[in-house]
1. Which whole-number percentage describes the relative contact order of the chain, with Cα contacts under 8 Å and a sequence gap of 6 or more?
2. Inverting the mean 1/r over all pairs of different Cα atoms, compute the Kirkwood radius of region 255-305 and quote it in Å.
3. By average Cβ neighbour count within 10 Å, what is the ranking of 208-218, 13-23, 107-117, 28-38 from highest down?
4. Under a GNM of the chain (C-alpha, springs under 10 Å), which listed residue has the highest mean-square fluctuation: Pro328, Pro252, Pro87?
5. Nothing charged except the Cβ atoms of Lys and Arg (+1) and of Asp and Glu (-1): what's the magnitude of the dipole of region 145-341 about its Cα centre? Round to the nearest 20 debye.
6. Find the percent of Cα-Cα distances in the chain that exceed 29 Å, and round it to a whole number.
7. Classify region 145-341 as rounded, prolate or oblate, taking a ≥ b ≥ c as the square roots of the eigenvalues of its Cα gyration tensor: rounded when a/c is under 1.5, otherwise prolate if a/b is larger than b/c and oblate if not.
8. Please give the charge dipole size of the chain, origin at the Cα centre, charges +1 on K and R Cβ atoms and -1 on D and E Cβ atoms. Round to the nearest 20 debye.
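Each value in this text was obtained by applying a stated rule to the coordinates, not by laboratory testing. Because the structure is predicted, anything quoted here is derived from the model rather than measured. Don't worry about glycine lacking a Cβ; one is built from the backbone with ideal geometry, like all the others, and counts go over all protein chains shown.
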Amino acid sequence: MPIFAHPEFDGHQEVVFGHDPQCGLSAIIAIHNTNRGPALGGCRMWPYASEAEALTDVLRLARGMTYKSALADLPLGGGKAVIIGDPHEDKSEALFLAMGRFVDGLGGRYITAEDVGVSVEDVDVMARVTKHVAGTDSTGAGDPSPSTAYGVLMGIRAAVAHKLGRNSLDGVRVAIQGVGHVGYHLCRYLAEAGAELTVTDIDHEAIERAATEFHARPVAPEAIYGVDGEVFAPCALGAVINDDTIARLKAPIVAGSANNQLAEPRHGVELMRRGVLYAPDYVINAGGVINISHEGPAYDKRAAVDHVAKIHDTLREIFGRADAAHVPTSEAADRLAEERFTKVHAAA
Ligand code: NAD
């Protein structure tokens, strides 16, 4: 299994393998870049079909965290951990204590957190043997979803101002795909701002709640792409901007919380070609991680909220750069992130 010649290898600073046969731990931690600070990224537990698959995932996710932290203006770098195992069958206290010791062995160069398959309770177990954890009940910032939703609201404001020249969301029509944790809070913020909402979900109760509380118009899941309006806000799944959906989109703006919205990078090019403004997912959905970065005994809610609100200005800069260089916004975002994490390095 090559590492340095791996297609997802991107100059990662460290790739470390952890193994404890007694509790069944097989894990990989990848630290992509620490120029801006310690590498923060969640710990994922997944029944990977092979070690190669786990390596591919951890390299890709660690790199993504470097870009996300840089554009969120955090004093943090990017890293990620994966545990190879089935979260429904293979979890134990001993496993997470061993994982915590593995994290601790990196001396703070990597800070772990929850992710797919790893709960806040699991992170709390790791926290018993390492202080290099974030986003747990004991460290205090709580559910990240309201902060993520607030960041998405700021991103929608930036996109509406850039694309439509409107500085208010009053009367702006937004179609929200998925009204779960983030989508629900986003509905609340948008309704307060006077936006007109259309919502969908595969969970009928979630739709009912949004329809009742925010006077949102419910539609069937497949109908959401073709809704007439100004903004399509994907807040459910990844890869929703693909060959099939792109032709059905009526909104001139795509701005929502879902991770990995573009099925492939070429869909970012296609959105640009069609005149659709795309708010890159990893920029607009950073509110939760920004809030977590403020946690601790001196947590200042006002400072955290102000920091999340900066997503607005970062996106305006990205949109302006993309227009000037005639490149997709996703590409402009990557270039700005690279400037931010390599400049620090140059200055050091
Ligand atoms: P969630 O599971 O609480 O909500 C997702 C909602 O989407 C659920 O109500 C689900 O029923 C619905 N859904 C699933 N498939 C659907 C479909 N085909 N059509 C319509 N609705 C569908 O998750 P969440 O925490 O609200 O996160 C939403 C998205 O935002 C995810 O992609 C997540 O990775 C991303 N994100 C979340 C946060 C956060 O703070 N929670 C931070 C960054 C990114």
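1. After rounding, I find 15 percent.
2. Details: mean 1/r = 0.0775 Å⁻¹.
For region 255-305, the Kirkwood estimate is 12.9 Å.
3. 28-38, 107-117, 208-218, 13-23
4. Pro87
5. Numbers: 19 positive and 26 negative charges, 96 e Å.
Magnitude of the dipole: close to 460 debye.
6. 40
7. Here region 145-341 falls in the oblate category.
8. Working: 31 positive and 46 negative charges, 251 e Å.
With Lys and Arg at +1 and Asp and Glu at -1, about 1200 debye.
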